[in-house]
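First comes the structure, then the notes that go with it.
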Amino acid sequence: RARWLPSEGRPPTSYDDALPRNQRLPRRFDALFTTYTDASLAKCRMTIEGEEFGDPIDDNTRYEDHYRFHDVFHLAHAAVLGWSPVLRLLVERKRRDDDRDRTEDGARAIAAEESVTAMVFAFAERWDYFSEAEHVDETILHAAKAVTSRLEVGDRNSADWERAILAGYDVWRQLRDNDGGRVIVDLDAATIECAPA
């Protein structure tokens, strides 16, 4: 059941419903990914509702693999799992009213999410970045769950993780193919998609 059936009922969309708005992830927003060249490096900047968040990033490798668009995976984690300490940091929505600021939104949680993102990306190349895929290999799902098991997102099952990964890679492939684009994120509907051109 945990492997093949996503959570029942309305998708779990957040861990912050009871908190003030300035400590909750935004529920629906547009993110624009634009690229430019700086010192012969292709870089990407992400703006949300017209405001730039995070530093522009390149692929951080010796060869072009379009990892510069990887922030879309954090958006997918937020949309589908209701969880992304990286996005919370970027948009300054850490939960400062309780201990979650340290335990769930802090450096260790951020490192865990970045680790999962990099690990899945390394495996994804073998499966053509999940193009045409309906499922994610069990090994990847076990690893993602193991790295995040002591965090609040540890209550999400493998089917939820699979859905988040496939949704994120669907959008990432479109950003890669179009060298950027606009992404619509809806936490209440648990969806993420590229906007029509």
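Here are a few things to note about the model shown:
- Within the stretch 13-45, the only residue that satisfies the criterion of being among the small types (Gly, Ala, Ser), surrounded by fewer than 17 Cβ atoms within 10 Å (Cβ to Cβ) and not in a loop (DSSP other than H, G, I, E, B) is 42.
- Hey, residue 117 among the hydroxyl-bearing types (Ser, Thr, Tyr), in a helix (DSSP H, G or I) and either modelled with pLDDT under 95 or over 26 Å from residue 41 (Cα atoms) (or both) or not: no
- Output for the stretch 65-120, where each listed residue is of a type in the set (Phe, Trp, Tyr) and open to solvent by less than 20 Å² (accessible area, probe 1.4 Å): 69, 73, 83
- Hits in the stretch 141-155 (condition: out of contact with any helix residue (DSSP H, G or I) (no Cβ under 8 Å at 6 or more places or on another chain) and more than 15 Å from residue 80 (Cβ to Cβ)): 146, 149, 150
- Residue in the stretch 165-174 that is without any contact (Cβ under 8 Å) to a residue 12 or more places away in the chain and part of a helix (DSSP H, G or I) present: no
- Close pairs from the stretch 38-63: first on the phi > 0 side of the Ramachandran plot, partner assigned to a strand (DSSP E or B) and of a type in the set (Phe, Trp, Tyr), Cβ under 9 Å, at least 6 apart: 49/29
- Selection count, the stretch 49-65, where residues are in a loop (DSSP other than H, G, I, E, B) and touching a strand residue (DSSP E or B) at 6+ places or on another chain (Cβ under 6 Å): 2
- Condition broken by residue 78, with the remaining ones in (1) over 20 Å from residue 189 (Cα atoms); (2) part of a helix (DSSP H, G or I); (3) of a type outside the set (Ser, Thr, Tyr) satisfied: (1)
- From 102, 68, 108, residue being in a helix (DSSP H, G or I), in contact with a strand residue (DSSP E or B) (Cβ under 8 Å, 6 or more places away or on another chain) and more than 21 Å from residue 191 (Cα to Cα): 68
The values are calculated or read from the model by the stated rules, or taken from the named source; none is laboratory data. These numbers were taken from a predicted model, which means no experiment stands behind them. Cβ coordinates were reconstructed from backbone atoms using ideal geometry, including for glycine residues, and neighbour counts include every protein chain displayed. The accessibility values were calculated without ligands, DNA or RNA, using every heavy atom of the protein model including side chains. Shrake-Rupley method; radii C 1.70, N 1.55, O 1.52, S 1.80 Å.
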